[in-house]
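Accompanying notes for the structure given below.
Just so you know, all these numbers are worked out from the coordinates, no wet-lab data involved. From a predicted model like this one, the values you see are computed outputs, not experimental measurements. Don't worry about glycine lacking a Cβ; one is built from the backbone with ideal geometry, like all the others, and counts go over all protein chains shown.
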């Protein structure tokens, strides 16, 4: 983070094992007041400097930003592509933790985007310079001007640190398709899927063919530790890397 003073926070005591995202956070303000917020109340959490990092990254041990960055660079290296030539669009970028992880492995993050306006404010506040630019966008409903702006970046990779799916709290597959249609070259796509929700991974060769108009090759898939639950039980996700062949 930049020089912004973090707000103190800790996980609130709850009965049982709450579903991921339903955890509560106790926030301790300098005036002595204590505020309780839900972990996935992103608008409020991002407005509190350092709270996301304390709870998600430190207390719950979130590894997805580093996992996505590692899988992207692993694919780049295996294909013989220069990391410095990668131009990445990082969606569901939140307060920039994911972009920071990508920068750390030597790729250029030309765009961060999130649907929550407070995410952009937090990223610019806490991690200035990580993204070439950061836009608040509903990727599943881009207008012509927004689509052209994204296309003009000439990006050749897409990363998403939130699970893709149809359930609440996931990134809709159409958001992935919309950005993929605006990429160039033979782009790489790194995305996550939550297997415990009971639905198949929506990203597939058929998905990319029908929704993007692109051929697709699955380069790698693995199950990994996303983070821990409040009980200490592991919460795992599946991560995949795809190489696309866009139609002319």
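Per-structure values
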read-out: Cα gyration tensor shape of the range 92-197, rounded if a/c is under 1.5, else prolate or oblate by comparing a/b with b/c; value: rounded
read-out: 222 nm mean residue ellipticity, helices alone, for the chain (DSSP H n ≥ 4; -39,500 (n - 2.57); rounded to 500); value: -6000 deg cm²/dmol
read-out: Folded to 0 to 90 degrees: helix 64-78 orientation relative to the chain principal axis, Cα; value: 20 degrees
read-out: Helix 117-126 vs. the chain, principal-axis angle (Cα, 0 to 90°, nearest 10); value: 80 degrees
read-out: DSSP-defined antiparallel bridges as percent of all bridges, the chain, nearest 5; value: 60 percent
read-out: Ranked by how many other beta carbons lie within 10 Å on average, peptides 208-221, 169-182 from highest; value: 169-182, 208-221
read-out: For the range 9-68: rounded, prolate or oblate by the Cα gyration tensor [a/c cutoff 1.5]; value: oblate
read-out: Neighbour-count ranking [beta-carbon atoms within 10 angstrom, fewest first] of 55, 89; value: 55, 89
read-out: Mean-position separation - Cα centroids, the range 211-245 and the range 113-165, in angstrom; value: 20 Å
read-out: Spin-label zone in the range 190-224 - amide nitrogen under 11 Å from a point set 7 Å from the Cα of residue 19 along the C-beta vector; value: 197
read-out: Three-way shape call for the chain based on the alpha-carbon gyration tensor, with the a/c threshold at 1.5; value: prolate
read-out: Whole-number percent relative contact order across the chain, with pairs defined as alpha carbons under 8 Å at least 6 apart; value: 17 percent
